[in-house]
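S.K.: Below is a structure I'd like to ask you about.
Only the coordinates and a few stated rules stand behind these numbers; no lab work does. Remember, predicted model here, so these are calculated numbers, not experimental data. Here the Cβ positions follow ideal geometry from the backbone for every residue, glycine too, while neighbour counts run over all protein chains shown.
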Amino acid sequence: MAKDKLVKTSNRSEIDAFLKKVATTPVRKPTGRTGRLIFAMDATASREPTWDHACHIQAQMFEETAALGGLSIQLCFYRGFNEFSASDWLSNKTDLQQRMLAVHCLGGHTQIRKVLRHAIRETREKPVDAVVFVGDCLEEEVDELCQLAGELALHNVPVFLFQEGNQPAAKRAFKQIARLTDGAYCPFDASSAQQLRDLLSAVAVYAAGGRRALENFSKTRGGVTKLLTSQINKG
């Protein structure tokens, strides 16, 4: 598929809005239970230039949540002709990184509906605290995706969506999914790897320890996470 020209690094207002939404998302995880986060990615051909970056970025999610009781992450991705894969639930960065490094991007259409359907099935078996999706395009019916997002909302599962690039259809749909699930949307580009790392870590910290943990996290990290303290106090 054709790749749209990358947008400039997310501006302050976009980051501020995303962090405010994360900070004010209701805490749903019972104390003492390991957080569960589904990390879903578009592995079609257009994502290949930045896939390796993502393999390294995700490792920090485990590091930031170790002191909070840990985090279990399930890697999901789609690519090629109707190929969708979901790993076991993983509890360390080495296993997750090895899984990601073994994946090669392959051309094909988007399959976000499979991500949402899978998340619904998983949380029916055992509660999922959050879903993260990283992608750049959309080639599906928005109404179907919104219906599935509504089902996730009934299970209190927020979806946090990160868009690489500026495809208008994806932006509109991602924002609607985020709104329906009480999640959040944020764009990024190839030059903002550190920014994406911090934002993913913020979501992971929320999934593992709730709002208080997220507030503590913002006090010890620089960059965009500094915005969290004031946003939490406003929430």
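S.K.: Under 5 Å between amide hydrogens, which residues at least 5 positions from F188 or on another chain qualify, with H placed 1.01 Å from N in the peptide plane?
M.R.: Those qualifying (amide H under 5 Å, at least 5 residues apart or on another chain) are Q163, E164, G165.
S.K.: Something else now. Run the simple label-point estimate for E125 and E139 please: 7 Å along Cα→C-beta, distance reported in nm.
M.R.: For E125 paired with E139, the spin-label model returns 2.9 nm.
S.K.: Roughly how far apart, in whole Å, are the Cα centres of the stretch 134-159 and the stretch 91-117?
M.R.: Centre-to-centre (Cα) distance: 18 Å.
S.K.: If you stretched the chain out fully between R179 and S91, how much longer would it get, using 0.36 nm times the residue separation minus the C-alpha to C-alpha distance?
M.R.: On the way: separation 88, 0.36 × 88 = 31.68 nm, distance 2.90 nm.
Difference between extended and current length: 28.8 nm.
S.K.: Still on this structure: Output the peptides 144-151, 98-105, 75-82 sorted from most to least packed, where packing is the average of other Cβ atoms within 10 Å over each peptide's residues.
M.R.: On the way: 144-151: 17.4, 98-105: 14.6, 75-82: 18.9.
Per-residue mean Cβ counts within 10 Å order the peptides as 75-82, 144-151, 98-105.
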